[in-house]
Every structure is written in C-alpha cells, then in structure tokens.
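Undergrad: Below are the structure tokens for one structure; questions will follow.
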Amino acid sequence: MAVLRVENIEKSFGSTRVLKDISFDLEEGQALAIIGSSGSGKTTLLRCLNFLERPDTGRIFVKDELIFDAADPATQLEKDVRRKRLHFGLVFQNFNLFPQYTALQNVMLAKSLLAREDENYKANKKAVEKEIEEKAMALLDKMNLADRAGYYPHQLSGGQQQRVAIARALALEPDILCFDEPTSALDPELTGEVLKVIRELAEEHMTMIIVTHEMAFARDVADNIIFMNKGVIAEQGPAKEIIDNPQTERLKAFLSV
Amino acid sequence: MTTFSEQFPIVFQALNVGFLQTLKLFFVTLIGALPLGLIISFGSMTKFKPVQWLTRFVVWVVRGTPLMIQLLIIYYFPGLVLHNPVWGGGEDGRFFAACVAFVFNYACYFSEIYRGGIQSIPKGQDEAGLVLGMTRGQIFFRVKLLQMIKRIVPPISNEVITLVKDTSLARIIALQEIIWAGQAFLKGSQGISGAIWPLFFTAVYYLAFTGVLTVLLGKLEKRLEFFR
C-alpha cells in the first residue's frame with residue numbers, strides 16, 4: 001500500500017509555475033530522494049506536503065485517506081490542517097530550533113503541548129510528562145546527543161543542531177519524515193554525521209522524502225529518486241538506475257557537474 | 001530670607017511628595033502601556049486592512065504630535081469644548097487625565113517597538129511550530145514571545161528612561177509632580193520664595209531613579225543572555 005499518493009499537484013507563485021503536474025507514490029518504509037537544481041521546485045513540493053503552501057490543483061492521500069483536494073474546500077479547513085500536518089515531519093535546511101529551549105525541551109515541546117489537549121492529561125500529568133521526557137531522551141540518544149540534552153541550540157554545532165531537529169520531528173511519530181536539504185547549511189565534516197543518522201533511519205525503514213544535493217548519498221540510501229527540472233518530474237525510478245544510468249539529457253548534464 | 005540649611009528640610013519634604021506623584025504616573029503608564037502597546041501592534045499588523053490603516057493612522061497622530069499638546073487636549077477638551085468636565089478639577093482628576101494621555105502615547109511608541117520585534121523573528125520559527133502541529137497561539141506564546149522580549153528590551157529600556165523625564169510634561173496641566181513642587185518655591189511657598197535651587201535639585205531625583213532603572217534593565221538584559 002502506498003503510504004503517500006500525490007496526484008497532479010500544480011503550484012504557481014504569481015505568474016511563475018513552480019510545480020507542474022507532480023504525481024508520485026511512496027511505499028511504506030521506503031526512502032525517496034528528490035534531486036534537481038535550485039529552483040526546480042523540490043522545496044515547494046515538500047512545503048505543499050506539510051501544508052506550508054497550498055497547491056493550486058491536485059490531491060494528496062496518506063494511507064488512502066484524502067487529506068488534500070484543491071477542488072474540495074472541505075479538505076482544506078484550517079481546523080483539520082493541524083491534525084493532517086502530523087502525518088508529516090519536516091526537517092529544515094536551517095534547523096529552525098527554538099533558541100530559548102534546550103535540546104531536550106526542543107524535542108519535548110510540541111509533544112507535551114499536544115498531550116495537554118487530551119482530556120485525561122490533568123489526572124496523569126506527571127506520568128505523561130515523564131513518558132514524553134523519556135522518549136525524547138531516547139531519541140536524543142539515538143542521535144548520539146544524550147550528553148547534549150541540556151545544551152541550548154547556540155551551544156551546539158550545526159550538525160548537532162540538525163540532529164536535534166531530526167529528533168524533534170521524530171518525537172511526533174510522523175508517518176513520513178521530510179528533509180529539506182538537511183545538510184546544505186553544514187560543512188563537509190558535519191554533513192557526514194547528519195547523513196549517518198538519516199542512513200540509520202533508512203535502515204530502520206522510516207518512510208522518508210529527502211530533498212538533497214548529495215548524489216552519492218541519494219544513490220546509496222534512497223530506494224527511489226525523483227529528478228525534478230523546471231517544476232516537472234523529469235525522471236524517476238530506482239535510485240541506482242537513476243544515478244548510474246540517466247536517460248534524459250537534462251539529468252545527464254545535472255549529474256556530470 | 002532663610003538660609004539654605006533652613007530651607008533644605010522643607011524643600012526636601014515637598015520634593016518627596018512631588019516625586020511620589022511622578023513615580024505614580026511613571027508606574028501607571030508602564031503597567032498600562034506595555035500590554036496596550038501589544039494590542040496596538042497586533043492592530044497595525046493585522047491582515048484586515050481597515051483596522052491596520054486605522055491603527056497606523058492613530059499611531060502616526062500620537063507619535064507625530066507633542067505629548068504636551070495631547071495632555072492639554074485630553075484634560076481640557078471634555079470640559080471646555082464638550083461642556084462635560086469628566087476629569088473634575090482636583091489633583092485626582094488631573095492625575096487620571098495625565099495617566100490616560102501617557103498610557104496612550106507610550107502604548108503607541110511601544111507598539112512600534114513590538115512590531116519591529118515580532119517582525120524580526122525569522123519565518124522559520126513559525127514554520128517549525130506549524131509543522132510540529134502547534135497552534136498560532138502556542139507559537140506566539142511558547143516560541144516567539146521570549147525571543148521578541150529579548151530583542152525589544154534595549155529599545156524599551158530607552159523609552160522607559162525617557163518616560164521618567166517625560167512625566168514632567170504633566171506640569172502643563174498642573175499635576176503636582178516634582179517639577180511643580182520645585183517650582184512652588186520660586187513663586188513662594190511655606191515661607192520660601194525666589195529660590196531656584198529646588199528646581200535644579202529635582203534633577204538629582206531623576207538621575208537617581210534613572211540610575212536604578214538602568215541597573216535593573218541591565219540585569220533583565222543579562223538574564224535573557226542564556227539564549228541567542
């Protein structure tokens with residue numbers, strides 16, 4: 001079963017068409033890499049999935065549930081968007097950690113705010129908070145950051161910050177975790193430690209969409225690759241085939257630089 | 001003519017009473033204007049254009065005219081023009097009118113500082129909150145507010161120091177604050193007349209108080225240094 005189905009997504013900003021007729025499926029437990037030059041629409045596509053942008057046309061299904069239909073305003077109600085967003089996690093290029101919270105608090109915040117909406121929260125407050133904290137610590141540990149739990153973002157390196165951001169996204173247990181050029185703001189040394197944890201997530205069959213410029217990484221870690229060019233999917237297929245045996249001139253040119 | 005040492009206790013007593021009124025006006029203005037400024041800043045940032053235009057127009061008028069004129073209008077307009085002297089004639093009435101003028105005036109200045117503070121927070125903070133399923137309210141109060149406070153403490157401190165001295169403008173509607181108290185000895189009061197030094201001496205009060213505030217606001221700034 002496809003955990004995510006994207007059908008005929010289009011998006012324009014003013015008169016600029018950024019996404020044209022984007023359709024793809026993503027199977028549960030698979031990693032999809034999206035590659036392409038800057039301005040090809042990769043980031044906009046991720047933002048559409050996370051409801052940060054609203055597509056002009058098209059439909060999005062998660063686990064066979066229609067979560068967005070541009071033609072049906074009933075699927076776009078503001079009150080439902082919050083819940084629907086939780087199907088997805090998003091890791092940003094610039095981390096966007098909350099600077100006034102420690103690494104641990106960054107990971108816990110959203111989860112504990114959500115827990116407060118539960119009617120039984122008040123009665124079990126202590127136990128619930130304790131569980132959230134334990135899970136957050138386990139996630140930081142998984143990111144090799146257990147010893148940095150009490151640090152504020154400005155006390156962490158870029159690579160550490162990005163790993164906190166990954167833990168923060170994982171804390172909400174999304175069905176699909178999206179990465180928007182997660183290493184583009186990092187130097188090569190720090191890039192490695194972030195790619196390593198993403199690779200580990202792929203090995204655990206976390207369903208992921210990774211927008212990246214790291215071709216070797218995409219080839220190794222992703223199951224499938226989508227190559228985007230000028231807002232359209234120019235080529236898609238199994239990762240190794242796409243990288244080793246590009247069909248279109250555009251992709252050949254892109255990979256040769 | 002009395003000597004300085006004979007005058008001093010009398011003047012000191014009178015200036016203290018005046019300074020108390022200065023302090024009252026100062027604190028009421030802060031307590032009123034800090035939250036009101038936030039509400040005004042929301043008005044000037046709302047996407048609902050008529051409210052935004054109206055708010056920005058009012059802020060322009062308030063910031064664009066002297067506080068002294070605003071004091072005169074607020075105090076005298078109801079009685080002289082509308083024939084409805086809502087403030088009454090006593091010191092309490094003058095104090096209340098002064099509070100209204102000061103709170104509104106400072107709220108408008110604060111609103112612009114808040115607006116700058118809110119708009120300087122990167123969009124990524126909103127987006128990170130949104131993708132984590134947080135509501136707009138949670139994002140504002142849990143994520144952006146403290147970052148905003150950190151950014152606005154220096155400019156707000158500046159306004160607070162200015163406010164200490166601006167309270168003397170209430171002299172124009174005869175509020176019995178410290179300048180009024182000092183000036184009384186020039187005209188003649190409690191057997192002292194023609195003495196200018198009490199008026200000069202009021203500066204010591206302002207300087208001491210702004211000194212205390214500078215230290216306190218500096219501490220607040222330091223306390224917010226734990227994050228960047």
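Undergrad: When the convex hull of the Cα atoms of chain A is projected onto a plane and the area is averaged over all directions, what value comes out in nm²?
TA: In nm², the orientation-averaged hull projection of chain A is 14.8.
Undergrad: Next question, about the same structure. Determine, for A:LEU195, B:LEU30, B:LEU82, the number of other Cβ atoms within 10 Å of each Cβ, and report the residues in order from fewest to most.
TA: Arranged by neighbour count, lowest to highest, A:LEU195, B:LEU30, B:LEU82 become B:LEU82, B:LEU30, A:LEU195.
Undergrad: Give me the Kirkwood hydrodynamic radius of the range A:1-69 in Å, from all C-alpha pairs, to one decimal place?
TA: Hydrodynamic radius (Kirkwood, Cα pairs) of the range A:1-69 is 12.4 Å.
Undergrad: Under 16 Å Cα to Cα from B:LYS165, which aspartates and glutamates show up? Leave out anything in the same chain fewer than 8 places away.
TA: Cα-Cα hits under 16 Å: B:GLU177.
Undergrad: Report P(r) for the protein assembly as shown: all Cα-Cα distances, bin width 20 Å, range 0 to the bin holding the largest distance, values in whole percent.
TA: Binned Cα distances yield the sequence 19, 39, 25, 14, 3, 0.
Undergrad: Please list, by residue number, every one of the trypsin sites (Lys or Arg not before Pro) in the range B:1-74 that is coil in DSSP and has at most 11 other beta-carbon atoms within 10 Å.
TA: Passing both the DSSP loop test and the Cβ count: B:LYS47.
Undergrad: Can you sort B:LEU145, B:LEU130, A:LEU170 from fewest to most other Cβ atoms within 10 Å of each residue's own Cβ?
TA: Least to most surrounded, the residues fall as B:LEU145, B:LEU130, A:LEU170.
Undergrad: Further, regarding this structure: Give me a comma-separated list of calculated 3J(HN,Hα) values for the range B:93-100, in order, Karplus coefficients 6.51, -1.76, 1.60 applied at θ = phi - 60°, integers in Hz, x for any Gly or Pro.
TA: Per-residue couplings from phi come out as x, 5, 5, 5, 4, 4, 4, 4 Hz.
Undergrad: Okay, next question. Count the lysine pairs in the range A:111-197 whose Cα atoms sit under 18 Å apart, keeping only pairs 8 or more residues apart in sequence or on different chains.
TA: So the count of such lysine pairs works out to 10.
Undergrad: Place a point 7 Å from the Cα of B:ARG228 along the Cα-to-Cβ direction; which residues of the range A:181-208 have their backbone N under 13 Å from it?
TA: Within reach of a label on B:ARG228, which here means backbone N under 13 Å from a point 7 Å along Cα→Cβ, the range A:181-208 contributes nothing.
Undergrad: So, in nm, how far is label B:VAL61 from label A:GLU119 when the simple model puts each one 7 Å beyond its Cα toward the Cβ?
TA: 5.0
Undergrad: Among the trypsin sites (Lys or Arg not before Pro) within the range A:164-257, which fall in a DSSP loop and have no more than 15 other Cβ atoms within 10 Å of their own Cβ?
TA: A:LYS230
Undergrad: Write down the percent of antiparallel bridges among all DSSP beta bridges whose residues are both part of the protein assembly as shown, to the nearest 5.
TA: Counting DSSP beta bridges with both partners in the protein assembly as shown, the antiparallel share is about 60 percent.
Undergrad: Which loop-located GluC sites (Glu not before Pro) does the range A:112-142 contain, where loop means any DSSP state but H, G, I, E or B and the Cβ has at most 10 other Cβ atoms within 10 Å?
TA: Sparse-neighbourhood loop GluC sites (Glu not before Pro): A:GLU117, A:GLU119.
Undergrad: Okay, helix-only estimate at 222 nm for the protein assembly as shown: each DSSP H run of n ≥ 4 adds -39500 (n - 2.57), divide by all residues, round to 500 deg cm²/dmol; what do you get?
TA: -18000 deg cm²/dmol
Undergrad: Using only Cα atoms and rounding to the nearest 10 degrees, what angle (0 to 90) does helix B:4-45 make with the longest principal axis of chain B?
TA: Between helix and principal axis, roughly 20 degrees.
Undergrad: When the C-alpha atoms of the range B:18-175 are aligned to their principal axes, what extent does each axis show, in angstrom, from largest down?
TA: 58, 35, 23
Undergrad: Can you put B:ILE73, B:ILE179 in order of Cβ neighbours within 10 angstrom, beginning with the fewest?
TA: B:ILE73, B:ILE179
Undergrad: So what's the angle, to the nearest 10 degrees on a 0 to 90 scale, between helix B:67-76 and the longest Cα principal axis of chain B?
TA: The two axes meet at around 70 degrees.
Undergrad: Give the average, rounded to an integer, of partner chain Cβ atoms located within 10 angstrom of each Cβ in B:65-78.
TA: 0
Undergrad: Can I ask one more? By how many degrees, between 0 and 90 and to the nearest 10, does the Cα long axis of helix A:188-203 differ from the longest principal axis of chain A?
TA: 90
Readers should treat all values here as calculations from the given coordinates under stated rules, not as data from a laboratory. Everything numeric here is computed off the predicted structure, so don't read it as measured data. All Cβ positions, glycine included, derive from the backbone under ideal geometry; neighbour counts span all protein chains shown.
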